[in-house]
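The values are calculated or read from the model by the stated rules, or taken from the named source; none is laboratory data. Given the structure is predicted, the values throughout are model-derived calculations rather than measurements. Please note: Cβ atoms are built from the backbone with ideal geometry, for glycine as well, and neighbour counts cover all protein chains shown. Just so you know, the surface numbers come from the protein's heavy atoms only, side chains and all, with ligands and any DNA or RNA stripped out. Shrake-Rupley method; radii C 1.70, N 1.55, O 1.52, S 1.80 Å.
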Amino acid sequence: MIRTYPRSSPAESQPGLNPLDPARCVVRALDEADGGPGAAIVNVVGPLGVGKSRLLATLAYDFVDLDRTPAGGRGPLAIDGVDTDHRAAAAARFVDRTRHGRFVIAGRLPLATRPGWAHRPLVTVELGPWPPAGIRALAAALGVTGPAHAGLVVRLSGGIPLVTDSLCRAIRRDAEPEPPEGALADAAATEVLRRLGAESRGIPPEALPIVAAVDGADEDLLTALIGLRPKAFTRLRRLSVIRPDRHGLTVAEPYRTLFDLAYRWRHPVRRDELAARAAEHRHRQLARTADPPLRARLADQVLYLSGSRRARRDLYADERAEFSVRRAVDGDDEAIGRLMRLWGEHEGLAERQVERMRELWLSGADHGFHLAVDTDDHPVGMVNLTPLDPVGAPALEPLLQQHADTLLDLGGSVVGMMAVEPRAARAQAALVRHILTTGIAGGRLVVSTPWVPYQEMSARFGLRRVGDTRHDLYRCGRPSALYARTFTGRNLPAWLHRMRDPYAEGPGRAAELVRTALRDLRRRGRTAASGPQAPAVLLREAVEALASSASAVDAEAGEILRLYYLSRAGGHDLLAHRLHLSRATYFRRLEYGIGKVAEAVGRALDPP
């Protein structure tokens, strides 16, 4: 049986600079595991850089070198860095040779997820990110004491000591009063990538940063963006910093933020090009999917990549994922009451009416309360999303009033309130994003609010104003305004088109220009053909360079472009047969090659 040792609550655990509380957890867990007939094993698990090695050093156990240390030994033995299946298998063989003994084995993923470990009894101790106070103390010990610098370290580190160390060294080295976030993130991201070396063999070095920069990718998207080789996606899936999502693979926080900021700083133009291509890919996928939750996630990604600046500010101000949204559960009564009072005070609502609405919401079959919580699961914001179901929802009548007949029975949810603590203003973006994705997944979103700023936000997101309620529900001197929008697979692309950034070129614009220029190469006068910077010369050089690339995927894509556009060796079907490629693979390589040529020509015309 695998048991997970309970973690201390944030209020009880103050690790500071020395992880004494986790050390006590490990000692107690080792005592708990020591009652069986075989080896007693404690598995210390935590994300890269959280301090597992530091913890083992604090415990002063004898470290095992799996390549050299003979079986046996006195006292508890520590095995560090069990971060791959190969290392986990070596650790299993070592434990089996000793037969008895006490072991503390540290790794980024639980041993139970590794081959050959599922049947072994062990106790797992999870190490989570440090609280902000612990990170500030660590930063001060590393020489970063200024409030602005320390606050930047706390925000970017995500509670990871290794990242904190990298950020502090970069701040002290550069000695800038206002260091650029991108440069600091680049220093930390470089260190993270170096530490991932053993895990990431066989994975292109740019894969992780690009997955982070485009907010997640499936295998088709990564193949289109970087020509991902076969089996590399499977290897990428196994990385400890990768998480599966509905739309593919994503990078876990805080590493996603670090990689994204670093990539934006290093490759600002390329990042925008990748974002446009990724948004175009997701648009095509949206047209094919019938899964509402996946449709909502894809729409969210398109907004992130190509939405208007105002929409991105409304939705992604919490870009570092300091806050998450969860459904309210038993035990959240105090938080619901506190945030309801905050809502009433902020919007000037009558206290008695606020309390009445709270009772109506809580008496329904689905109370609809969702909380924005910080990394310690402390509620800092709240929204009410009541399902538009007339059965068992007494709050709907006062929210919708005379408009109930036209808005009920069509599915979806109605937003009745939203409140955020002033100290956690960025949590509002997490709530708005949750509201929108819930509405898209449910097919319909209605907003009922007397608060003018929320009415303006509803209009910005394309919700249609249905009208005002007949009665002033909250006795605040103004009726509630109702806004509504239906989301379907058919109308979602048009809505996303209206929501996109008007200052950005359309998705794939550069690739379409290159495709047209390649098609016109042999038409006299259509593409300038003389001079070192002439488009025709640049296009031919880019295609030939791609065809001679050391990368098999790049070379294949370049050969397709050379044969089809430069040599005019035949049509697509003939060339696919000649190159022994399926039609699907042939056209993927063709699109990939056009994108690579667009990047090469862009760099030649606008060098860094």
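Taken together, the criteria place ARG490 among residues that are without any contact (Cβ under 8 Å) to a residue 12 or more places away in the chain and more than 24 Å from the chain's Cα centre (by Cα).
Yes or no, residue by residue, for (1) open to solvent by less than 50 Å² (accessible area, probe 1.4 Å); (2) within 18 Å of PRO230 (Cβ to Cβ); (3) in contact with a helix residue (DSSP H, G or I) (Cβ under 6 Å, 6 or more places away or on another chain); (4) aliphatic (A, V, I, L, M):
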{"site": "LEU546", "(1), (2), (3), (4)": "yes, no, yes, yes"}
{"site": "SER549", "(1), (2), (3), (4)": "yes, yes, yes, no"}
{"site": "ALA557", "(1), (2), (3), (4)": "yes, yes, yes, yes"}
{"site": "LEU574", "(1), (2), (3), (4)": "no, no, no, yes"}
{"site": "THR585", "(1), (2), (3), (4)": "yes, yes, no, no"}
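Residues satisfying the criterion are absent from the range 241-260 (criterion: without any contact (Cβ under 8 Å) to a residue 60 or more places away in the chain, open to solvent by 10 Å² or more (accessible area, probe 1.4 Å) and in a helix (DSSP H, G or I)).
Count of the range 96-138 residues, restricted to those that are closer than 20 Å to GLY158 by Cβ and charged (D, E, K, R), is 3. Residue under question is THR190, and the condition is that it be modelled with pLDDT of 95 or more and surrounded by fewer than 23 Cβ atoms within 10 Å (Cβ to Cβ); does it hold? Yes, satisfied. Filter the range 119-157 down to the residues that are free of Cβ contacts under 8 Å to residues at least 60 places away in the same chain and assigned to a loop (DSSP other than H, G, I, E, B), then identify the one that is farthest from THR257 (Cα to Cα). Of everything passing the filter in the range 119-157, HIS119 is farthest from THR257 (Cα to Cα).
On the stretch given as the range 98-111, residues that are among the aliphatic types (A, V, I, L, M) and over 25 Å from the mean Cα position of the chain (by Cα) total 3.
Looking at this structure, is ARG465 modelled with pLDDT of 90 or more, outside any loop (DSSP other than H, G, I, E, B) and open to solvent by 50 Å² or more (accessible area, probe 1.4 Å)? Judged against the criteria, ARG465 is a match.
Let's see how each residue does on (1) modelled with pLDDT of 95 or more; (2) closer than 28 Å to ASP85 by Cβ; (3) in contact with a Pro (Cβ under 7 Å, 6 or more places away or on another chain):
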| site | (1), (2), (3) |
| --- | --- |
| ARG238 | no, yes, no |
| ARG246 | no, yes, yes |
| PRO254 | no, yes, no |
| PRO268 | no, no, no |
| LEU274 | no, no, no |
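Can you say whether LEU184 is of a type outside the set (Asp, Glu) and either open to solvent by less than 10 Å² (accessible area, probe 1.4 Å) or without any contact (Cβ under 8 Å) to a residue 24 or more places away in the chain (or both), as far as the supplied structure shows? Break it down into steps so the answer makes sense when it comes.
Numbers: of a type outside the set (Asp, Glu): yes; either open to solvent by less than 10 Å² (accessible area, probe 1.4 Å) or without any contact (Cβ under 8 Å) to a residue 24 or more places away in the chain (or both): yes.
For LEU184, the condition - of a type outside the set (Asp, Glu) and either open to solvent by less than 10 Å² (accessible area, probe 1.4 Å) or without any contact (Cβ under 8 Å) to a residue 24 or more places away in the chain (or both) - is met.
For ALA112, the criteria (1) of a type in the set (A, V, I, L, M); (2) surrounded by 17 or more Cβ atoms within 10 Å (Cβ to Cβ); (3) in contact (Cβ under 8 Å) with a residue 40 or more places away in the chain hold in every case but one, which is (2).
For the structure I just gave you, tell me whether LEU400 is closer than 22 Å to GLY467 by Cβ, aliphatic (A, V, I, L, M) and not in a helix (DSSP H, G or I).
Taking the combined requirement at face value, the residue does not satisfy it.
Have a look at ARG352, ARG338 and point out the one that is modelled with pLDDT of 95 or more, of a type in the set (D, E, K, R) and open to solvent by 50 Å² or more (accessible area, probe 1.4 Å). Being modelled with pLDDT of 95 or more, of a type in the set (D, E, K, R) and open to solvent by 50 Å² or more (accessible area, probe 1.4 Å) holds for just one of ARG352, ARG338, which is ARG338.
Looking only at residues in the range 403-425 that are part of a helix (DSSP H, G or I) and touching a residue at least 40 places away in the same chain (Cβ under 8 Å), which one is most open to solvent (accessible area, probe 1.4 Å)?
Top of the filtered list is ARG423.
If we scan the range 194-204, do we find a residue that is under 30 Å from VAL26 (Cα atoms) and of a type in the set (Asp, Glu)? Looking for residues that are under 30 Å from VAL26 (Cα atoms) and of a type in the set (Asp, Glu), one finds at least one in the range 194-204, hence yes. Within the range 275-329, the set of residues being open to solvent by 30 Å² or more (accessible area, probe 1.4 Å) and in a strand (DSSP E or B) comprises SER324, VAL325, ARG326, ARG327.
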